[in-house]
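Every read-out reported here was derived from the displayed coordinates using simple, explicitly stated rules and does not represent laboratory data. Since the structure is predicted, the reported quantities are computational estimates derived from the model, not experimental observations. Neighbour counts are summed over all protein chains in view; Cβ atoms, including those assigned to glycine, are modelled from backbone coordinates with ideal geometry.
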Amino acid sequence: MKCTFCDGVGFVRRDVPIDHPDFGRAIPCQCNTQGTLAALKQWSGLGNSNLVWTLDKFPGDPGALKAAKEALACKRGIWVFWSRAFGTGKTGILVALVQACWDEGIAALYQSVPAMLDRLRASYADGDYAALMEELKRVPVLA
C-alpha cells in the first residue's frame, strides 16, 4: 500500500514562499523517517541511564537549556556549540535535545566525538567512508 502523503516517493515538498529555506527542498516523508529514526536511535547507542535526560528534567545550566529549546523550536539549519568546563551538562543537554527531536519525528543522531572518530576511521579502512559521509549529511540533527 502506498503512503497517502507522498504516494510512495518517500519525500514531500512544502508549500512555502520562495524566500523560505524549505522552498524547493525535498523533505523526507513520515513513512520514510520511521525506519531512519529507529536506525539512528540504535546507532546513537544511548542506554537506559541516558534516556532519563530530557529537556523537561534538565538540571544543568539554564542558559544551555534555553539555547537548546530555541534550537529545537527553530526547526531549520542551526549550529549550536557549547564549550564549557567539565561537568556542566553538555552531554546531558545534547542527549535531551536529540530525544526531543525523536519525540517530534525529527531524525537525529547523538555520538560522542571518540565514537564518531572510531566509526569514521573504520569506514575509511573498509572503503565505506564516502557512503558513511553521505549518510551523515542526510541526518538533519547531529549532536
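Can you list the residues of the stretch 90-125 with backbone N under 19 Å from a point 7 Å past the Cα of VAL52, pointing along Cα to Cβ?
Output list for this probe position: 90-100.
Under a Cβ-only charge scheme (Lys and Arg +1, Asp and Glu -1), can you give me the dipole magnitude of the stretch 82-143 about the Cα centre, in debye to the nearest 20?
Once rounded to the nearest 20, the dipole reads 300 debye.
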